[in-house]
Amino acid sequence: MNGTPLIFALPGNAVLARAIAAELHLDSGRLAIRRFADGETSLRVLTPVAGRDIVLAATLAHPDEQMALLQFAAATLREQGARRILLLAPYLAYMRQDLAFEPGTGVLARQYAHWLGTLFDGLITVDPHLHRIRELREIFAIPTRIVDAAPQIADWIAAHLVERPLLIGPDAESGQWLATVAARLDCPFVCLDKSRLGDAEVRQTVRQLATHTDRRAIIVDDIASTAATMIGALKLLQRHDYLDPVCIAVHALFVGDAYHDLIAAGAGRVLSCNTVAHASNVIDLHPQLAEAVARMLHDASEPTVPTAAPAGRQPENA
């Protein structure tokens, strides 16, 4: 029996899967996926998986559209005898919904983690949006590994951008994460005070901008979706005479015209990490993701059927 792990890719994740396979010398698995006229899906595993460890590459930028396929892929791989199934999801959805914000709503971050935990034996992701939930172990019972994008962002800025950067965080939550990038660059950083007025409207203020006008402003955020936060930051910087600020996002979701709106708002350049495929991708995290996959494959010696954590349980994750 072949003991080499297999990596499969859901649609849109072939580049990620090929990069990880090449880095770790994994075998590449094949799936045949069809969509019937009535909207149902047919999925067939074309590569034998019995007794083998599986990595399923599926960044979760469109989570609701992917839920059925993710469910069917994981369940079918397990039915075919897969030993363990790890989910490689550079972008992890639903983490921003970490509170029951209104009466009648649920904590969807916890629900989503519970569901993923019933399908997979481990999770590898990049900088999930953690705020009220401080660690993934609070909501996941399966082992998790997080790749930190901050070192690669800092190194890219040092190699390709200006010598005197000023890092701008869009809100107070970004401070601790931004401090890591700033320390690596030995440069100052400023966090804006943000009030969200709606899904695509924010108000931001800051007091310290006037003292750094001799530096090149670089706005760094973990998620760019509507780009409202970055656009608001751009307008504030322009009022303080900062020209052509650079915008960097870890996860480039950019719904609708958000990317073009950001450029039109005055961004000198828009960059992102390659956690979600987008034209702005320039910061490569595939080597770091490969290392995290290798560690998780190495760490777990025996397969376990995953179960979701009871409320309040905080398992010791890898």
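Quick notes on this structure:
- Test: residue 245 is modelled with pLDDT under 95, closer than 30 Å to residue 218 by Cα and of a type outside the set (S, T, N, Q): yes
- Considering only residues in region 212-239 that are charged (D, E, K, R) and more than 16 Å from residue 273 (Cβ to Cβ), the one that is surrounded by the fewest Cβ atoms within 10 Å (Cβ to Cβ) turns out to be 214.
- Exactly one residue out of 167, 178 is more than 15 Å from the chain's Cα centre (by Cα), crowded, with 16+ Cβ neighbours inside 10 Å, outside the structural domain of residue 89 (by TED's automatic domain parsing) and under 13 Å from residue 246 (Cα atoms), and it is 167.
- Residue within region 31-45 that is within 24 Å of residue 287 (Cβ to Cβ), in a loop (DSSP other than H, G, I, E, B) and either touching a residue at least 24 places away in the same chain (Cβ under 8 Å) or more than 20 Å from the chain's Cα centre (by Cα) (or both) present: no
- All conditions but one from (1) in contact (Cβ under 8 Å) with a residue 60 or more places away in the chain; (2) crowded, with 22+ Cβ neighbours inside 10 Å apply to residue 116; the one that does not is (1).
- Test result for residue 18, at pLDDT 95 or above, under 27 Å from the mean Cα position of the chain (by Cα) and not in a loop (DSSP other than H, G, I, E, B): yes
- The residues of region 260-304 that are closer than 21 Å to residue 62 by Cβ and surrounded by fewer than 21 Cβ atoms within 10 Å (Cβ to Cβ), listed by number, are 260, 261, 277, 278, 279, 281, 286.
- Just one of the listed residues (89, 58, 109) is farther than 21 Å from residue 10 by Cα and surrounded by 20 or more Cβ atoms within 10 Å (Cβ to Cβ), and it is 109.
- Matching residues, region 251-297, being outside any loop (DSSP other than H, G, I, E, B), of a type in the set (Gly, Ala, Ser) and farther than 24 Å from residue 4 by Cβ: 252, 258, 264, 272
- There is no residue in region 46-64 that is of a type in the set (Gly, Ala, Ser) and free of Cβ contacts under 8 Å to residues at least 24 places away in the same chain.
- Between 135, 102, the distinction of being within 22 Å of residue 289 (Cα to Cα) and modelled with pLDDT under 95 belongs to 135 only.
The values are calculated or read from the model by the stated rules, or taken from the named source; none is laboratory data. Note that the coordinates shown come from a computational prediction; the quantities given were computed from them, not determined experimentally. Cβ atoms come from the backbone with ideal geometry, glycine included; neighbour counts cover every protein chain shown.
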